[in-house]
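Here is the structure we will look at.
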Amino acid sequence: MKKISLLFGLMFIIYCGASVNPQLKAKVDRQFAQSGQTTYSGTQKFMKPKPYAVGQYVVMGQTDSDGKKSITRMAIVGKQQGGWIFENYTVSENQEGIMQMLIVGLEKVATTGNIDDLDIIWVKIKDENGQVQTIEGPMLSMMKGLYKKGLASVSMKINIYKDGGVIQVPAGIFKGTNVVETETTIIGKKTKTTGWYHYSVPINGIVKVVDNDGNTLVLLQFGFDAKPMMK
């Protein structure tokens, strides 16, 4: 089953076969249960994300076609070598994980629309024992293609504005969203997605995404004061 979170840039693979961890499930449920009532106006049309800055973050909740839920926090936690350090923390009902990656060229991709203008310098993954592994060089080269596909939504370029109206999600009420319909082919299978975007949301602008497989992605929280979770 295709995970819609790939469109958001999720770099973790969540294994559905593992047994449920009650503490992790409670953590996920708490995030989904929150309800923001703040209203964000539609005075500025979303065509591309805000300029990147350290501290920006979004928390997204995914519900797959089987009703299983997971949460991803994507944050910009540093700047290095002319690029941005992105940190992804993901928790599902059975596991959690955290990683960072140094990405160069996101601004250029937002202009050209060519994902090949993006480069990943290194990836750091924290294992269950708290040890941090750095992936770079030849080993990283073999994985870059997958990572770049996952980052497509972060560096996306939108050419047309189509009023998506008012969308309410746990993070708040968003007026004047830009609704975008896309079709992608993965391993020979076509998937259609509909996404609603708003300029108030940093990093990728995503408020909500649904696909024809029954997967849903919604914005749970966002802000501009994120601190690194991986030391």
task: Count, please, the residues in region 37-75 that happen to be touching a helix residue (DSSP H, G or I) at 6+ places or on another chain (Cβ under 9 Å), of a type outside the set (Val, Ile, Thr) and not in a loop (DSSP other than H, G, I, E, B).
output: 6
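What do you reckon, is residue 154 under 26 Å from residue 77 (Cβ atoms), out of contact with any Asp or Glu (no Cβ under 9 Å at 6 or more places or on another chain) and either modelled with pLDDT under 85 or of a type in the set (A, V, I, L, M) (or both)? Walk me through it before giving the result.
Numbers: under 26 Å from residue 77 (Cβ atoms): yes; out of contact with any Asp or Glu (no Cβ under 9 Å at 6 or more places or on another chain): yes; either modelled with pLDDT under 85 or of a type in the set (A, V, I, L, M) (or both): yes.
The answer is yes for residue 154.
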Scope region 60-85; condition out of contact with any Pro (no Cβ under 9 Å at 6 or more places or on another chain), touching a residue at least 60 places away in the same chain (Cβ under 8 Å) and hydrophobic (A, V, I, L, M, F, W, C); matching residues: 60, 71, 74
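Could you tell me which residue of region 162-203 is surrounded by the most Cβ atoms within 10 Å (Cβ to Cβ), considering only residues that are assigned to a loop (DSSP other than H, G, I, E, B), modelled with pLDDT of 90 or more and of a type outside the set (Gly, Ala, Ser)? Full working, then the answer.
We begin by selecting, within region 162-203, every residue assigned to a loop (DSSP other than H, G, I, E, B); these are 162, 170-171, 187-188, 198-203.
Still in the list and also modelled with pLDDT of 90 or more: 162, 170-171, 198-203.
Keeping just the survivors that are of a type outside the set (Gly, Ala, Ser) gives 162, 170, 198-199, 201-203.
On the way: 162: 11, 170: 16, 198: 27, 199: 21, 201: 22, 202: 22, 203: 23.
So, considering only residues that are assigned to a loop (DSSP other than H, G, I, E, B), modelled with pLDDT of 90 or more and of a type outside the set (Gly, Ala, Ser), the one surrounded by the most Cβ atoms within 10 Å (Cβ to Cβ) is 198.
Pick out the one residue from 83, 36, 9, 42 that is at pLDDT 90 or above and either surrounded by 13 or more Cβ atoms within 10 Å (Cβ to Cβ) or touching a Ser or Thr at 6+ places or on another chain (Cβ under 6 Å) (or both). Talk me through it step by step, then tell me what you get.
Working: 36 fails: at pLDDT 90 or above; 9 fails: at pLDDT 90 or above; 42 fails: at pLDDT 90 or above.
The conditions single out 83.
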Residue, modelled with the lowest pLDDT, within region 93-104, restricted to residues that are surrounded by 17 or more Cβ atoms within 10 Å (Cβ to Cβ), more than 15 Å from the chain's Cα centre (by Cα) and in a strand (DSSP E or B): 96
- prompt: Looking at residue 99, is it more than 21 Å from residue 131 (Cβ to Cβ) and of a type in the set (A, V, I, L, M)?
  reply: no
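The values are calculated or read from the model by the stated rules, or taken from the named source; none is laboratory data. As the structure is a prediction and not an experimental result, all values here were calculated from the model. Cβ sites come from the backbone with ideal geometry, for glycine too, and all protein chains shown count toward neighbours.
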